[in-house]
Amino acid sequence: MSTVSSKQEIFSKVQEALIDALGVDEEEVTPTATLQGDLGAESIDFLDIVFRLEKAFGIKIERGELFPEDILTNTEYVADGKVNSAGIAALKERMPFADLSRFETNPNVQNLGKQLTVQDMCNFVEHKLAA
């Protein structure tokens, strides 16, 4: 038996973690739902989500790995609340699991969390399990 979970298994465990962490309904947690925009996640919730994902999948998620606050607070990468091209490159390197194309069109620091989707979380877990 393969130890790598199927995409469906990963989705249902991620979904469960988000339902527990955010108190949302199962039907709200769709692959395209955004964590902050659709599901109402706040910064503090990310710690809980990370904890639940670590437990559910038996993985270790380093601080800033899922949500690289350090890039978003670095003046080398951010000016006037917008992420510059060096910052975008750094984010892409750190977040190969996330589709940042929408973020690039309006790279406001506040937008990154609003654009992370449930599918990005699933991709992240898959990426971690494959590593």
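Only the coordinates and a few stated rules stand behind these numbers; no lab work does. Treat the numbers as computed from the prediction; the structure is a model and nothing was measured. Quick reminder, even Gly has a Cβ in these numbers, built from the backbone with ideal geometry, and neighbours come from all protein chains shown.
Just a few scattered comments:
- Here the Gaussian network model covers the chain, with springs between Cα atoms less than 10 Å apart; of T32, T73, T105, T105 fluctuates the most.
- With Cα atoms, 0 to 90° folded angle of helix 118-130 axis to the chain main axis: 70
- In this structure, the amide hydrogen of K82, modeled 1.01 Å from its nitrogen in the peptide plane, lies closer than 5 angstrom to those of V109, counting only residues at least 5 positions away or on a different chain.
- The loop-placed chymotrypsin sites (Phe, Trp or Tyr not before Pro) in segment 10-83, going by DSSP, include none that has at most 11 neighbouring Cβ atoms within 10 Å of its Cβ.
- Coil-residue trypsin sites (Lys or Arg not before Pro) of segment 29-131, DSSP, other Cβ within 10 Å capped at 15: K60, R63
- Within the shell defined by Cβ-Cβ distances under 10 Å, the residues around Q36 carry a net charge of -2, with Lys and Arg each +1 and Asp and Glu each -1.
- Cα long-axis angle, helix 85-94 against the chain (0 to 90 degrees, to the nearest 10): 20
- For segment 19-82: rounded, prolate or oblate by the Cα gyration tensor [a/c cutoff 1.5]: oblate
- The calculated Kirkwood hydrodynamic radius for segment 68-115 is 10.4 Å, given to one decimal from all distinct C-alpha pairs.
- Segment 5-37 versus segment 67-131: alpha-carbon centroid distance in Å: 19
- Whole-Å semi-axes of the ellipsoid equivalent to segment 1-107 (Cα gyration tensor, √5λ, descending): 27, 16, 14
- Neighbour cut-off at most 11 other Cβ (10 Å), DSSP loop, GluC sites (Glu not before Pro), segment 21-95: E42, E62, E76
- Nearest 10 degrees, 0 to 90: helix 7-22 Cα axis against the chain principal axis: 70
- Cut-off under 5 Å, modelled amide H: who pairs with L116 long-range: L35, Q36
- Other residues whose C-beta falls under 13 angstrom from the C-beta of A131 contribute a net charge of -1, scoring Lys and Arg +1 and Asp and Glu -1.
- Every helix of 4 or more DSSP H residues in the chain counts as -39500 (n - 2.57), and over all residues that averages to -15500 deg cm²/dmol at 222 nm.
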